[in-house]
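Take a look at the structure below.
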Amino acid sequence: MPDRVLTAAVDSGRLLRPRRGVYAHPALSREAIAALAAGGRLSCVSAARSYGLWGGQDGRLHLRVGSHAGRTDPGTVRHWEQPDTQAELWRVSFDECLRSVVRCADEETAIAVLDTALSAGSISLARLRRVFDGSSARSLAVMASARPGSDSGVESILRQRLTARGHHVEQQVAVSGVGRVDARVDGWLYVEIDGFAYHADRDAFERDRTRDTGLALLGARCVRFPARDVLTDADAVVATIEAVLATEVISASNPRKRI
């Protein structure tokens, strides 16, 4: 395309020019434009968000850059180039995104990213193993801890914390007459996590109350937590769940009915 046509498109706002010789559609995300401007690609949790996966609470921009990358903001995390075959200029490939998350992020966040990728159907367990073939022992251990079932990173974090405490956690449990419940702990206590938009959606509020009533009619116990509580103090949420579990004394002669 002639330079004059590109220049006219930039002048009219139909295109952006993040750096010399690079053009982008205005609808591209702010993070993607920043990556192009720096001559890098979104990596780690920044790339994960662009693929619709959990991105954790690290709001910094993560970029994969080469030795000739341009300037970036002081808070930008630079990942030096790794072999990648991605055709897109603004982000690393999906496979490299997962590998970079596991290399860079804390273990809990990394597992949550992999969990959401598996739960969304973006990758299978078999392919996930192939993606990490030949990786470090740490990366392989993190990969082996991932499993499908978490519709959000928040659910994964709670699952990880409860499992680490020795609890048996089942996710996306189908309950007749109620539907899917986020989790069931130790075979009988149901746990639901409300999303961030929960209070803004009256229909969701009413659906959740209907579900709670359905579980109560079946004689089941259910506790519900806002996602923000898990993110700000997951240990306190776990402590509350354990307190509820401790109130139920199940004797061999009167076992709790499994629903």
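The alpha-carbon atoms of the stretch 152-195, seen along their principal axes, cover 31, 23, 11 angstrom, with the largest extent given first. Each DSSP beta bridge with both residues in the chain is either parallel or antiparallel, and the antiparallel ones are about 55%. Counting only heavy atoms of the protein chains and using a 1.4 Å probe, Thr240 has close to 60 Å² of accessible surface. First compute the accessible area of the chain with a 1.4 Å probe, then give the percent of it belonging to carbon and sulfur atoms. Its accessible area is 51 percent carbon and sulfur atoms. Extent of the stretch 44-187 along its three principal axes (Cα atoms, max minus min coordinate, largest first): 58, 31, 28 Å. Descending by average beta-carbon neighbour count within 10 Å, the peptides 43-52, 145-154 line up as 43-52, 145-154, the highest first.
Annotation: per residue accessible area for the stretch 146-196 equals 38 Å², rounded to a whole number [probe 1.4 Å, protein chains only].
The values are calculated or read from the model by the stated rules, or taken from the named source; none is laboratory data. Keep in mind that what you see is a predicted model, and the values were worked out from it rather than measured. For neighbour counting, all protein chains shown are included, and Cβ atoms are generated from backbone atoms with ideal geometry for every residue, glycine included. Heads up: the accessible areas ignore ligands, DNA and RNA and are worked out on the full protein's heavy atoms, side chains in. Shrake-Rupley method; radii C 1.70, N 1.55, O 1.52, S 1.80 Å.
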